[in-house]
């Protein structure tokens, strides 16, 4: 490891010891943060897989019912059935913090309350397959928003994990070893200087004693 370019004095030694204590505490906090982020990331990945399977299943069932309905319903009737929306929806985007990482929160707001059996078309010229298809497709919107929220959260947490890992590695493999080696170097230098001063002092005492005995 490299020794920092410092003057080997007791004041510098005290300053570096404080830096080492701060770096050690910072390393522990960042390591704890990294571990918690990884735990949250794994949970989000599992949730993402579950939501994706639910959404794909609902989409498959919805499209299956639509294909069956379109085979027995004329095109102009289907167009009329979808021409008038039953409801309008708006998206409210907020955020929350996960280990100081801001992640999105998606909330849907509907213009009015509707029941699962409400449709914007009449039942005379349509079939039950179309009703079932729309029921499945209607459930996809909240699943899609949840999936988008979770996937974006995974992306942001993943970036934060990478950033935190770089900082942890910098402290663990660079800053802390360099500070430790520099502190050891200063301690050795001060000890050596102290031994040298003690040796010179003993020589001076011996000289003074010899002069006093003459």
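Under the simplified labelling scheme, the residue 12-residue 102 pair shows an inter-label distance of 4.3 nm, with each label point 7 Å from Cα along Cα→Cβ. With the cut-off at 1.5 for a/c, could you classify the range 166-208 from its C-alpha gyration tensor as rounded, prolate or oblate? It comes out prolate by the Cα gyration axes.
Values quoted throughout were computed directly from the atomic coordinates according to the rules given, and no laboratory measurement underlies them. This one's a predicted model, so the numbers in the text were calculated from it and none came from an experiment. With ideal geometry, Cβ positions are generated from the backbone for all residues, glycine too; neighbour counts draw on all protein chains shown.
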